[in-house]
1. Restricting to the range 539-560, what's the tally of residues that are open to solvent by 50 Å² or more (accessible area, probe 1.4 Å) and at pLDDT below 95?
2. Hey, among the residues in the range 262-275 that are open to solvent by less than 10 Å² (accessible area, probe 1.4 Å) and either modelled with pLDDT under 95 or in a loop (DSSP other than H, G, I, E, B) (or both), which one's farthest from ILE505 (Cα to Cα)?
3. Pick out the one residue from VAL118, VAL64, VAL153 that is touching an Asp or Glu at 6+ places or on another chain (Cβ under 6 Å) and not in a loop (DSSP other than H, G, I, E, B).
4. Report yes if VAL437 is modelled with pLDDT of 90 or more, of a type outside the set (Gly, Ala, Ser) and more than 30 Å from PRO531 (Cα to Cα), otherwise no.
5. For GLN159, indicate whether it is open to solvent by 20 Å² or more (accessible area, probe 1.4 Å), more than 26 Å from the chain's Cα centre (by Cα), under 25 Å from THR358 (Cβ atoms) and modelled with pLDDT of 95 or more.
6. Please count how many residues of the range 116-129 are more than 15 Å from LEU161 (Cβ to Cβ) and surrounded by 15 or more Cβ atoms within 10 Å (Cβ to Cβ).
7. If I filter the range 211-220 for residues that are closer than 27 Å to ALA71 by Cα, touching a Gly at 6+ places or on another chain (Cβ under 7 Å), assigned to a helix (DSSP H, G or I) and hydrophobic (A, V, I, L, M, F, W, C), do I get at least one hit?
8. Read through the list (1) buried (at least 20 other Cβ atoms within 10 Å of the Cβ); (2) under 20 Å from LEU411 (Cα atoms), then give the number of the only condition that ARG536 fails.
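The values are calculated or read from the model by the stated rules, or taken from the named source; none is laboratory data. Please read all numbers here as calculations on a predicted model, not as lab measurements. So basically every Cβ, Gly included, is an ideal-geometry build from the backbone, and we count neighbours across all protein chains shown. These accessible areas exclude ligands, DNA and RNA; they are computed on the full protein's heavy atoms, side chains included. Shrake-Rupley method; radii C 1.70, N 1.55, O 1.52, S 1.80 Å.
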Amino acid sequence: MITQVGRIAAGMGLLAALCVPGQAVAEPEPPLAATAPPVLDLVLDGDSLSLRDSFAILEGRPVVARLAAQAWANMNETRAGALAALDDQRVYGWNQALGPLKDRPLTPEQAEQFQRNVLRSHAAGVGEPLPDNVVRLALILKANQMARGTVGVRPEVPQRLLDMVNAGVLPRMPQIGSLGTGDLQPQAAAGLAAIGEDAPVRYRGEEGPASELLPKAGLAAGFTLQAGEALPIISGSTVLAATLMDAVHRATVLADQAEGAFALFMEATRAEQGSLDARTHQERRIPEQNAIAARLRAMVAGSGWMTEEGRKRLDPANYHPRVQDAVSVRAAPHIMAGLRHVLADTRRTLVREANASTSNPLIFKRDQGPGYEFVMGGNWDGSVMGHLADTVNAEITDLGVLSQELSGRLLSPRWSYDLPANLAGGTVGLNSGMVQVQTVAAALIPEMQARATPAGTLSRPVKDGQEDHNTMAMASVRHLHENLDRLEIVLAVQYLMSAQGIDLIARKMAGLPLGAGTRTLLAELRGYITPLDEDRYLTPDLERAIWLVHNRHLVPSVAG
């Protein structure tokens, strides 16, 4: 049975550009008795937000979120301590200005206007907005981080953000502008919406000024920020974390489907099963490699194609034992393990990030003596997440290269062990088969490789040298999402071509079964796309395959 989960919160729209309205894209019939998923009831305490809940939010599960009672009390206590500490401490963003103007003092009378001005001046982002579910998650992450009680805001501030989430009001947060040195621009856009200015929000399919749509959602039209409350809204890499969580979620599903595509390739080429032997993989001592090999063994379990009998069927008179397959086949579990390994590292980092204080300054009880003190630091920095995003992107790109190489092998009778040239049906030569389908994947690989250049190595100083090292982490995550879009297409090519290879020789393989998992994957794909006999218009076929990958129809039942 194929695992089917909620929609992927797509990134940059490369897939949308291919799957345009009016072209033939297969869609499933709606379930007869669809039921809405249960509401996710989140109580935020700043210490226990999980990736499981975060992924559920990204999948579109309805959510109601509120602050824990203890978090509310802690925040009130810290707020009082912070205000008292201002009597004898000059503090960035509280009674001093920001950035290169940090040395300019602010009077108490200027505090309220300063909060509005901070949000207005920093909301300068441009470009496509972040997907709604990423925005929803970013607001929840920000509220959870504030709930730790170390940034000095009143609890009403994060609760205002949660009220917007609960009411279905989502600020329009542009993607371009953040350097990964905090997500100043997109978070400022959210802050402007929260205080009821004319920043755009989306509510029930309508986009318009927050000042108009907040009352329609039953929320107060305005909200007044007090001293020191604007900076914690824009400080920190919260949007970066939400966007990277989305990328990790997408990458995990594509890693699952890459294993399924490889298993179908092995069946089509009647590959040697020895490369999956558990003893070999255990000797490398990489847990992810062991797990991938085990899942592949489960998918091809019972295959008669991947046996000596299966390998003899196409040309018994000229058969010679293969000895071993090409590197791309034998080393595939190890190659794919790299992605799984870095995804595990990234998940651990994201759990910490979701439950951490990422603003500047922070407020702590004094180690010596009564009261609280402000501490200026750099916890907003997104370097760790940015470098992880670059590494995930490198692994995603390598997976794309592997997939494209495997698809290319299927076109060559020599490299595919006697599959018809170009995977052509009917009369080969009169029919050209799938050679240009494979070219689609090949065309995307240089684009992936160009976008896999680590943006985290490209720091440049801004703001009169006050911010002289910038992580460029948002660029890293945006490039990662773009390559995830491309990888969906590359894997769709591999699925389409592997299935074609299987069907072209199925008659000669009569009586020999496919593996338990590969048989199910092939049936799922063939429910939407018929085998290619005589040449036909192939764009609709490939678009259907892309749709299947994008909507997670080809996740093997043994994925993990």
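1. Step one: of the range 539-560, the residues open to solvent by 50 Å² or more (accessible area, probe 1.4 Å) are 539, 544, 557-558, 560.
Pick out the ones that are also at pLDDT below 95 and you get 557-558, 560.
Summing the residues that are open to solvent by 50 Å² or more (accessible area, probe 1.4 Å) and at pLDDT below 95 in the range 539-560 gives 3.
2. Among those that are open to solvent by less than 10 Å² (accessible area, probe 1.4 Å) and either modelled with pLDDT under 95 or in a loop (DSSP other than H, G, I, E, B) (or both), it is ALA271.
3. Working: VAL118 fails: touching an Asp or Glu at 6+ places or on another chain (Cβ under 6 Å); VAL153 fails: not in a loop (DSSP other than H, G, I, E, B).
Checking each option against the conditions leaves just VAL64.
4. On the way: modelled with pLDDT of 90 or more: yes; of a type outside the set (Gly, Ala, Ser): yes; more than 30 Å from PRO531 (Cα to Cα): no.
It is false that VAL437 is modelled with pLDDT of 90 or more, of a type outside the set (Gly, Ala, Ser) and more than 30 Å from PRO531 (Cα to Cα).
5. Values: open to solvent by 20 Å² or more (accessible area, probe 1.4 Å): yes; more than 26 Å from the chain's Cα centre (by Cα): yes; under 25 Å from THR358 (Cβ atoms): yes; modelled with pLDDT of 95 or more: yes.
Yes.
6. Here is the first cut: in the range 116-129, the ones more than 15 Å from LEU161 (Cβ to Cβ) are 116-118, 120-129.
Those left that are additionally surrounded by 15 or more Cβ atoms within 10 Å (Cβ to Cβ): 116, 118, 120, 122-123, 125, 129.
Adding up the residues that qualify gives 7.
7. Filtering the range 211-220 for residues closer than 27 Å to ALA71 by Cα gives 214, 217-220.
Next, only the ones that are touching a Gly at 6+ places or on another chain (Cβ under 7 Å) stay: 214, 217.
From the residues that got through so far, the ones that are assigned to a helix (DSSP H, G or I) too are 214.
From what is left, the residues that are hydrophobic (A, V, I, L, M, F, W, C) are 214.
Within the range 211-220, one or more residues are closer than 27 Å to ALA71 by Cα, touching a Gly at 6+ places or on another chain (Cβ under 7 Å), assigned to a helix (DSSP H, G or I) and hydrophobic (A, V, I, L, M, F, W, C).
8. The single condition ARG536 does not satisfy is (1).
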